[in-house]
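What follows is a short report on a single structure.
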Amino acid sequence: MLIVDVPADGVRRVTLNRPEKRNALSRDLLRALLDTLHEHDRDPDVRVTVIRGAGPCFSSGYDLSGPLLDTDAPTDGQWSRHVNDTWFSVWDLAKPVIAQIHGYAIAGATELASACDLVYVADDARISYPVVRVASPPDWQYHTVLLGLRRAMEVVLTGDPIDGVEAARIGFANRSYPPAALEASVLEIAVRIAGVPSDLTQLNKRSVHRAFDVWGGRAAIRAGTELQALAGHTSSAREFRANALEAVKRAARGE
């Protein structure tokens, strides 16, 4: 489900390894990923972590074929709170985490990437949040604080995909690279970060996040939780739940 390797001193690379499921984020995969990231935070030999996907893509988003919560009878709004807590637990890790995106990243996979500290993508990657066309506002509402008002509005109202070049241009990603150069380029950056004393890197990361918090970024992301939960009571959401996976596939195709 996860592959962890050591491509360079101080660098750990975590590969989402469900290629037959397009690395869909199941409950078990998310548990394993969070456990691994927290282990890296406690390991003095780790200074930075890279997350990537096996097979043709980074991740197709949440695995809609099985349960995502630890209860079969969630209370109203529990999913929205769960998502916020999950991704902020990645956000709040002491050590930096890098997302390396190839192929496509859809919906929940874009949330995972946005919870990381740095995001690098292939030029031909496809980044999208098609769920806004069929079910609800985003589960983790990073869009406005990362992309700005106009770009966030366009992305959220259309649900249309953007390529890696555009993702870097509007601020979803730091940079995009030709597909063949992505892995080596990300590793070069990770090695550069790992060359800084870890205690200093952790303070540097925290200083950027503190400024973000002062701006209200964290509160803005959390503020959408209730609206996302409210969407579950709409007729659109009821239709979506009847066949969620097929609805997302149609939306991703632009139908």
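The values are calculated or read from the model by the stated rules, or taken from the named source; none is laboratory data. Keep in mind that what you see is a predicted model, and the values were worked out from it rather than measured. Cβ placement follows ideal geometry from the backbone for every residue including glycine, while neighbour counts extend to all protein chains displayed. Heavy atoms of the whole protein, side chains included, go into the accessibility calculation; ligands, DNA and RNA do not. Shrake-Rupley method; radii C 1.70, N 1.55, O 1.52, S 1.80 Å.
For residue 52, the criteria (1) out of contact with any helix residue (DSSP H, G or I) (no Cβ under 9 Å at 6 or more places or on another chain); (2) within 25 Å of residue 8 (Cβ to Cβ); (3) open to solvent by 40 Å² or more (accessible area, probe 1.4 Å) hold in every case but one, which is (1). Going through (1) over 27 Å from residue 54 (Cβ atoms); (2) of a type outside the set (Asp, Glu); (3) modelled with pLDDT of 95 or more one by one, residue 77 falls short only on (3).
Considering every residue within the range 112-130, establish whether at least one is touching a strand residue (DSSP E or B) at 6+ places or on another chain (Cβ under 7 Å) and of a type in the set (Ser, Thr, Tyr). Looking for residues that are touching a strand residue (DSSP E or B) at 6+ places or on another chain (Cβ under 7 Å) and of a type in the set (Ser, Thr, Tyr), one finds at least one in the range 112-130, hence yes.
Residue count for the range 20-65, restricted to those that are under 13 Å from the mean Cα position of the chain (by Cα) and of a type in the set (S, T, N, Q): 3.
Residues are listed down the side, and each one gets a yes or a no for (1) in contact with a Leu (Cβ under 8 Å, 6 or more places away or on another chain); (2) more than 22 Å from residue 87 (Cα to Cα); (3) open to solvent by less than 70 Å² (accessible area, probe 1.4 Å):
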| position | (1), (2), (3) |
| --- | --- |
| 187 | no, yes, yes |
| 206 | no, no, no |
| 224 | no, no, yes |
| 252 | no, yes, yes |
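Quick grid of which residues meet (1) assigned to a helix (DSSP H, G or I); (2) of a type in the set (S, T, N, Q); (3) open to solvent by less than 20 Å² (accessible area, probe 1.4 Å); (4) touching a residue at least 60 places away in the same chain (Cβ under 8 Å):
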site	(1), (2), (3), (4)
56	no, no, no, no
66	no, no, no, no
80	yes, yes, yes, yes
87	yes, no, yes, no
112	yes, no, yes, yes
119	no, no, yes, no
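The criterion of being without any contact (Cβ under 8 Å) to a residue 24 or more places away in the chain and touching a helix residue (DSSP H, G or I) at 6+ places or on another chain (Cβ under 9 Å) holds for residue 151.
Anything in the range 226-250 that is outside any helix (DSSP H, G or I) and either under 20 Å from residue 82 (Cα atoms) or open to solvent by less than 60 Å² (accessible area, probe 1.4 Å) (or both)? List them, or say none. Even if it seems obvious, please write down each step before you answer.
So in the range 226-250, the residues outside any helix (DSSP H, G or I) come out as 232-234, 243.
If the condition is that a residue be outside any helix (DSSP H, G or I) and either under 20 Å from residue 82 (Cα atoms) or open to solvent by less than 60 Å² (accessible area, probe 1.4 Å) (or both), then 232, 233, 234 are the ones that fit.
In the set 45, 41, 5, only one residue is without any contact (Cβ under 8 Å) to a residue 60 or more places away in the chain, under 20 Å from residue 189 (Cα atoms) and either open to solvent by less than 20 Å² (accessible area, probe 1.4 Å) or in contact with a Leu (Cβ under 6 Å, 6 or more places away or on another chain) (or both); that residue is 41.
When restricted to residues that are farther than 15 Å from residue 62 by Cβ and outside any strand (DSSP E or B), the range 91-110 contains 8.
When you scan the range 87-97, do you find a residue that is basic (Lys, Arg) and touching a His at 6+ places or on another chain (Cβ under 8 Å), even just one? Break it down into steps so the answer makes sense when it comes.
In the first step, residues of the range 87-97 are kept if they are basic (Lys, Arg); the result is 95.
In the following step, the residues that additionally are touching a His at 6+ places or on another chain (Cβ under 8 Å) were identified as 95.
Within the range 87-97 (the criterion being basic (Lys, Arg) and touching a His at 6+ places or on another chain (Cβ under 8 Å)), the answer is yes, since at least one residue qualifies.
Of everything listed in (1) of a type outside the set (Gly, Ala, Ser); (2) open to solvent by 30 Å² or more (accessible area, probe 1.4 Å); (3) within 21 Å of residue 62 (Cα to Cα), the single unmet condition for residue 165 is (3). Close contacts from the range 226-255, counting a first residue that is closer than 20 Å to residue 106 by Cα and a second that is open to solvent by less than 100 Å² (accessible area, probe 1.4 Å) and among the charged types (D, E, K, R), with Cβ to Cβ under 6 Å and a gap of 6+ residues or different chains, come to 228/139.
Residue 84 passes all but one of (1) modelled with pLDDT under 95; (2) over 23 Å from residue 174 (Cα atoms); which number fails? Answer for residue 84: the failing condition is (2). Go through the residues of the range 134-144 one by one and say whether even a single one is modelled with pLDDT under 95 and over 18 Å from the mean Cα position of the chain (by Cα). For the range 134-144, residues modelled with pLDDT under 95 and over 18 Å from the mean Cα position of the chain (by Cα): present.
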